[in-house]
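The values are calculated or read from the model by the stated rules, or taken from the named source; none is laboratory data. Small disclaimer: the values here were computed from a predicted structure and weren't measured. Don't worry about glycine lacking a Cβ; one is built from the backbone with ideal geometry, like all the others, and counts go over all protein chains shown.
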């Protein structure tokens, strides 16, 4: 017995020594810097005023698919023409699906693959009960306290105006890119992008466009962006979860509630939803999420690196830890979210039918088809139909490489946002949806990053109350796009 205990103790010591050695060998990567990419000066005040003016147009997309204020969108288009005269003189402008915009900045070398910079001009509505909570009216476009205030100041008019500001500034210096640059601004991203970005991508693909880089919103810069990384970092989306909403419809005999049948539609539906929630999709620490953990390791404490730097043995432990919070769990598996219920017309009538809508965000490795198959298997009730809601469903995107020169260029442009202060650049699996998903089937060089340094509480302002952006941070975003465009010549 003593001999066995000694062997076990020795094995533990060797194992810990091996893990410690691996953790100690994890070196901090050389800091990426954007200082080598020279750009013209940025007029911070003028850029902020341009963004503020754009915010004043209530370009709202309604989740219900109801009528939108087309005059607001067209008014914004006219404003952009006035605010960015060089852009509209030098670039070709196309109107797509009535309200989306595509600008083409022709490069000097037509043999080079182009760059696509994406954004969207629509914003989410402002709920009536929240209006009194806004310090500045949501479509005021006020500039106060060093901020531009209003819906879209971050998501995503900041991208649209920063890109146009960057191109206008480069044109002012006489810059002509080697690669053709496409600026694509959808009008319905907040409701899926089916009539804006999807049509734009289809048209560009039909023209033979094979991008060297596609960049859309998706990642962020700030402190505590992801569990396990406290310092300021930039998280860049290298892949995007898929998306599908399924309608579960349970049927049963109707009748009077005084004599309920053994099987009711509401009861069958409730059991089906409960079974789904009780049987989550399996968690897996692989793909983009594993890459994210490994990229975080150099910036963590020694104790944390013991775990993140030894996933060969610690993956099961880390998986359990990540599953203990909503964000960590969402990174690991396909999520299940019941969102809508419908049944009955009167309190004393048994409905013959009851339905629920369940939303799934699909991790790479699974598909809309496999999700539907698993849901049908888990529900295990022939009296419950499983079908897509409005036939909408998108598989997870391809995973874009962190070794690709396009990713390196993005990292360099990020480095230029904080001169003198190295910022870790971490790959990330985007859990929400972006317009970039429509490039997924056509390119593995699609990345997602919103180049706005977010402060404490700013993430909650996106789609929330008091959305705002600091004028200095918006100027940093303009600089990011300038560096990206200039640097794309060397891709």
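Quick notes on this structure:
- Screening residue 267 with (1) touching a residue at least 24 places away in the same chain (Cβ under 8 Å); (2) not in a loop (DSSP other than H, G, I, E, B) gives one miss only, at (1).
- One residue from 172, 198, 194, 207 being surrounded by fewer than 23 Cβ atoms within 10 Å (Cβ to Cβ) and modelled with pLDDT under 95: 194
- Of the strands (runs of 3 or more DSSP E) that lie entirely inside the range 60-143, those containing 3 or more residues that are surrounded by fewer than 19 Cβ atoms within 10 Å (Cβ to Cβ) span 92-96.
- Residues satisfying the stated conditions in the range 351-360, i.e. surrounded by fewer than 21 Cβ atoms within 10 Å (Cβ to Cβ) and in a strand (DSSP E or B): 353, 355, 357, 359
- Given (1) outside any loop (DSSP other than H, G, I, E, B); (2) more than 20 Å from residue 263 (Cβ to Cβ), number of the condition residue 366 does not satisfy: (1)
Every residue, every condition in (1) closer than 28 Å to residue 359 by Cα; (2) over 20 Å from the mean Cα position of the chain (by Cα), yes or no:
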| site | (1), (2) |
| --- | --- |
| 210 | no, yes |
| 220 | yes, no |
| 240 | yes, no |
| 250 | yes, yes |
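- Some residue of the range 307-314 being in a helix (DSSP H, G or I), surrounded by fewer than 20 Cβ atoms within 10 Å (Cβ to Cβ) and in contact with a helix residue (DSSP H, G or I) (Cβ under 6 Å, 6 or more places away or on another chain): yes
- Residue within the range 160-172 that is assigned by TED's automatic domain parsing to the domain that holds residue 410, in a loop (DSSP other than H, G, I, E, B) and touching a residue at least 40 places away in the same chain (Cβ under 8 Å) present: no
- Here residue 370 clears all of (1) without any contact (Cβ under 8 Å) to a residue 12 or more places away in the chain; (2) surrounded by 14 or more Cβ atoms within 10 Å (Cβ to Cβ); (3) in contact with a helix residue (DSSP H, G or I) (Cβ under 8 Å, 6 or more places away or on another chain) except the condition numbered (3).
- Evaluation of residue 319 against the conditions (1) surrounded by fewer than 16 Cβ atoms within 10 Å (Cβ to Cβ); (2) under 15 Å from residue 227 (Cβ atoms); (3) without any contact (Cβ under 8 Å) to a residue 40 or more places away in the chain shows that the sole unmet condition is (1).
- Filtered residues of the range 281-294 (kept if touching a helix residue (DSSP H, G or I) at 6+ places or on another chain (Cβ under 9 Å) and either more than 20 Å from residue 336 (Cβ to Cβ) or assigned to a helix (DSSP H, G or I) (or both)): 288, 289, 290, 292, 293, 294
- Residue in the range 126-148 that is out of contact with any helix residue (DSSP H, G or I) (no Cβ under 9 Å at 6 or more places or on another chain) and closer than 26 Å to residue 97 by Cβ present: yes
- Here residue 247 clears all of (1) under 27 Å from residue 339 (Cα atoms); (2) in a helix (DSSP H, G or I); (3) touching a strand residue (DSSP E or B) at 6+ places or on another chain (Cβ under 6 Å) except the condition numbered (2).
- Residues being closer than 26 Å to residue 405 by Cβ and surrounded by 15 or more Cβ atoms within 10 Å (Cβ to Cβ) are entirely absent from the range 243-266.
- Residue within the range 154-168 that is in contact with a helix residue (DSSP H, G or I) (Cβ under 8 Å, 6 or more places away or on another chain) and surrounded by fewer than 23 Cβ atoms within 10 Å (Cβ to Cβ) present: yes
- Flag for residue 476 being within 17 Å of the chain's Cα centre (by Cα) and either touching a residue at least 40 places away in the same chain (Cβ under 8 Å) or not in a helix (DSSP H, G or I) (or both): no
- Any hit, the range 182-194, residues being in the same structural domain as residue 235 (by TED's automatic domain parsing) and under 16 Å from residue 406 (Cα atoms): yes
- Some residue of the range 417-428 being more than 17 Å from the chain's Cα centre (by Cα), under 30 Å from residue 188 (Cβ atoms) and not in a strand (DSSP E or B): yes
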